[in-house]
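These notes are about the structure you will find just below.
Bear in mind that the values in this text are calculations on the coordinates, not laboratory data. On a predicted model such as this, the values are computed, not experimentally measured, just so you know. Cβ placement follows ideal geometry from the backbone for every residue including glycine, while neighbour counts extend to all protein chains displayed.
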Amino acid sequence: MIEDDLRAAFLRHEPLTPSPGPLRATIDRLASIRRRRRQRFQAAGVTLALLGALGVGVPQLRPDRPAVDSTVSGQPTGSPTGALNVLLLGVDGSGAEPPYRLADSILLVHIPADRSRPYLISLPRDLEVSIPGRGVDKLNSAFHTGSGEPRPDLDAGYDQVRRLVADLTGVRVDAGAVLTFAGLRRITEAVDGVEVCLPDEVRSWHTRRVFPAGCQRLDGAASVDLLRQRRYLPDGTFDRDRNAQRYVDGLIRRVVARDVLTNPVRLAALLSAAGEDLTVDDDGLPLTKLVAVLPELKSVEPVGLSLPVGPPVGSSARLPLDQRQSPAFLAALSEDRLAQWVAQHPEQVNRVR
């Protein structure tokens, strides 16, 4: 009897029920928008991860702040038109094992307004700078000072270095990332190794492995091993920075050859390999817009440069700016004239191949 009454009640009210068609269509449309937006964010994160692994030679990728989509924020769509600068920091430690101590790899990626090619500018870890709250010290210690204790704040460490680099170079830092070694290993494995071309033999102080002169395909562990070396190298840290730029060149070539950024399957695999250990800064330049710039590059082969510095000062071995060469170099960087500066100073270009 109760079942009959319920059935009758449902039949009486059924005509009043709205059609599910419009609701279903709205749900499908929102799901599609979110799916496309998520894919764009993932592509942006991978691209910045690549830029990081590329230049710094240290990476573990962890999205810390969500990217901002222009369709949501109301900002105009389209890629930026001026020169861009991306700051990449390689720190010791890993996402699961704090504390982080020093930013031993510091790279400024300069993309000129004419989109001719990227410039990878290594800033020496021992560069002499004035750090708020610490006084005059090496640039690599700025990250530790800014990040604090007992559990370091990666954003705060990055912000400290970003401010110092912006003041030093006179350029706006549009985006950046903090990376660690474990991610580099996984990214390298995800692309089945990276070819690195060395002008001279390198012997590992850590594993005793020998990297012969010439071009060689390195797996993830070997890449990390190579990029940690400075003890047995003639120019120490400077040679390590040059080897990082050589790794960059090999990774760029590998990614382009495998069509990673335009192949959804390979892009997803690389994203999965990157993991959750990249801290990114995209306050100035949303990552979706950074991605839009990359296809505009006329050449993806980078030019490797180093900030001109003088000989070590005192027992601390801090490196001051070269007062003869650095003013012209920094002026060329801030005025987006690096191509002309390189043409006038070809001996300052670091060979990557």
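What distance in nm lies between label points placed 7 Å from Cα along the C-beta direction at S315 and Q340?
4.6 nm
Going highest first, how would you order 217-229, 340-352 by mean Cβ packing within 10 Å? Numbers along the way, then the final one.
Values: 217-229: 19.7, 340-352: 13.3.
Averaged packing, sorted descending, gives the order 217-229, 340-352.
Give, as a single signed number, the net charge of other residues whose beta carbon lies under 10 Å from the beta carbon of T207, with Lys and Arg counted +1 and Asp and Glu -1.
Result for the neighbourhood of T207: +3.
If each of D155 and C197 carries a label point 7 Å out from its Cα toward its Cβ, how far apart are those two points in nm?
Each label point is offset 7 Å from its Cα along the Cβ direction, giving 4.2 nm.
Would you please put 181-194, 153-166 in order of how densely packed they are, using the mean number of other Cβ atoms within 10 angstrom per residue and starting with the highest?
Sorting 181-194, 153-166 by mean packing, highest first, produces 181-194, 153-166.
Assuming 0.36 nm per residue, please report the length gained on full extension of the stretch D322 to R231 beyond their Cα-Cα distance.
30.4 nm
For region 116-210, report the translational diffusion coefficient in µm²/s to the nearest whole number, using Stokes-Einstein at 10 °C, 1.306 mPa s, and a Kirkwood Rh over Cα pairs.
98 µm²/s
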